[in-house]
Every structure is written in structure tokens, then in C-alpha cells.
1. With runs of 4+ DSSP H residues as the only contributors, calculate the mean residue ellipticity of chain A at 222 nm using -39,500 (n - 2.57) per run, divided by the residue total and rounded to the nearest 500.
2. Based on the alpha-carbon set only, what is the convex hull volume of segment A:144-197 divided per residue, in Å³?
3. Taking every DSSP beta bridge that has both residues in chain A, what percent is antiparallel when rounded to the nearest 5?
4. In nm², what is the average projected area of the convex hull enclosing the Cα atoms of segment A:8-95?
5. Please arrange A:30, A:147 by counting, for each residue, the other beta carbons lying within 10 Å of its beta carbon, fewest first.
6. Of A:124, A:230, A:150, which is the most mobile in a GNM of chain A whose springs link Cα atoms less than 10 angstrom apart?
7. Taking chain A, how much of its Cα-Cα pair set, in percent, is spaced more than 27 angstrom apart?
8. From largest to smallest, what semi-axes in whole angstrom does segment A:126-243 give when each is the square root of 5 times an eigenvalue of its alpha carbon gyration tensor?
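Values in this text are rule-based calculations from the coordinates and carry no lab data. As the structure is a computational prediction, the values presented were derived from the model and not from experiment. Because the Cβ atoms are built from the backbone with ideal geometry, glycine has one as well, and the counts that use them run over all protein chains shown.
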DNA sequence: CCAGACGTTGTT
DNA sequence: GTCTGG
DNA sequence: CCAGACGTTGTT
DNA sequence: GTCTGG
């Protein structure tokens, strides 16, 4: 799955990488500065995502991580809807509709997975990133939600990361992984006029092994209180292990 | 028909 | 909103 | 995802 | 053990 990741690339670089034509991050003038760079993005944090706005701009926006569906009575469901299984997206009509209408890309410089080391031993965190060093494009869905009793409040924009089975690189670490979209399908994925869910579902597959590399990192990442580039330093004696 | 759920992870 | 269970 | 809390009473 | 908060 994907319960923690890194977002440290500056918005201006992301805007270029994802060919965004509008930056609306909030939290400051002129497009806003958005969430601070983080080496320990956790559920409920604000994250940067790429999505096409109602007026047709491919924009960089800020979304709360943890999908709050439109039917939710309160936003607490978002605390755990940080991932959505690709097969659930296919099966549940409400999520199919979201797949047809509200897709996004969540840029990540890499993500963490915890490997269960067996009874009595602590889980070992690993960092997974592109061998190229480029940001990964994680497949996501987004929603807007508003409390029924606070109709004059702002709409809450939230998002979730779609997961699938692990590829051969990830399988020894964990039984789920986020869907990583190759650049060749970014346009198709983000096109709001595209509602061909059968075609879109075909994109929700494990990424090729040779795209990624991984290595163990310090358990310092376990606590959301910890942050900084030191979190992605390989553990002593463990260089990156591509495939 | 209405009421209630609707999601994820792990189970070394 | 839409599906499932009773 | 992991870490940390998790309950009650009465309270000027 | 299970839920909430980050």
C-alpha cells in the first residue's frame, strides 16, 4: 500500500514536469506556496496533486490526503481512506463514478513501505523511488465534500491513492503497492472528457520492476513527528537495490 | 419497502 | 449517491 | 502507514 | 484489542 511518502520537489518543478498551466496551491499570494516540502507525508496532511479544473486548466492544487466521499456524514472517514484498491474502484458504483470524473496524479519523490520481519521483530521501513530520480506519478482520485450543517463552509478537497498488487521488486516487502503512471498515460488519465472506465481500469496495474529501486531506512520515519532528508538515507551498508 | 453501510491495513 | 440486508 | 490513547465522576 | 490523530 502506500501510507507515507515524500513530497520535496518544489511546486515550480512539478508544474514543469506535469505540464501544468495553473498553480493554485493556496496558503499565500499568487498561486500560493502550498504544503511545505515533506519527507514524511502522512494521512490527513495536505498534499499537492495534479487535476484538471472545471474550466479546463491542468492545475497543481492542494488536497487533504484521505478521501471523504460525497455521501460521508463527517470527514472522519478520510482518516483511513488514504488508499483505494483498484478492484474496489471497479466494483463499487460510487467509486466507478469518481473514476470516470475525478482522477488526479499525486506526485511523490518516493514512498515508504514497512516489511513485517516476523513475530516479535519490529517492522522494517523501506524507501522506494524511481531509479531515474524523477518524481513518481501516483494514480489518485479526488472528491469535494461539505458538511450538511455548514453549507456556507468551503468545499473540502480530498484525495486517495489507488493501490494494486505488488510487482516483483515490491512483493518481498509488501502485498500492495501504489499505482505508478508512466508519462505516456498522464494525458489520458487526466483528461476529464475521458469517461471510458474500462480503458482507465487497464492503467491500474503494477509498474515495471526496472522503473523503481528500494532500500531500508531508519525507523525514524515511523513517527510523523520526524521529518527531513535524513529519513531517506539508506541504512548503513544498504545501497539501493534495483530489481 | 426502509435502514444502514459504504474504506483500508494486517492477521510472522 | 447507490447498494445490501432484513 | 505508525504512535498513542483508550474511562468515569464532579468540578466555582 | 481497536480506534483516532497525524
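1. Values: 5 runs with 32 residues, N = 243.
Counting only the DSSP helices, I get -3000 deg cm²/dmol.
2. Details: hull volume 8.5 nm³, N = 54.
Per-residue hull volume (Cα only) is 158 Å³.
3. Details: 38 of 46 bridges.
Percentage antiparallel, nearest 5: 85.
4. Working: hull surface 28.4 nm².
Mean projected area for segment A:8-95: 7.1 nm², to one decimal.
5. With the sparsest Cβ surroundings first, the list reads A:30, A:147.
6. Judging by the Gaussian network model, the answer is A:150.
7. Numbers: 9560 of 29403 pairs.
For chain A, the share of Cα pairs beyond 27 Å comes to 33 percent.
8. Working: eigenvalues 187, 101, 28 Å².
That gives 31, 22, 12 Å for the three semi-axes.
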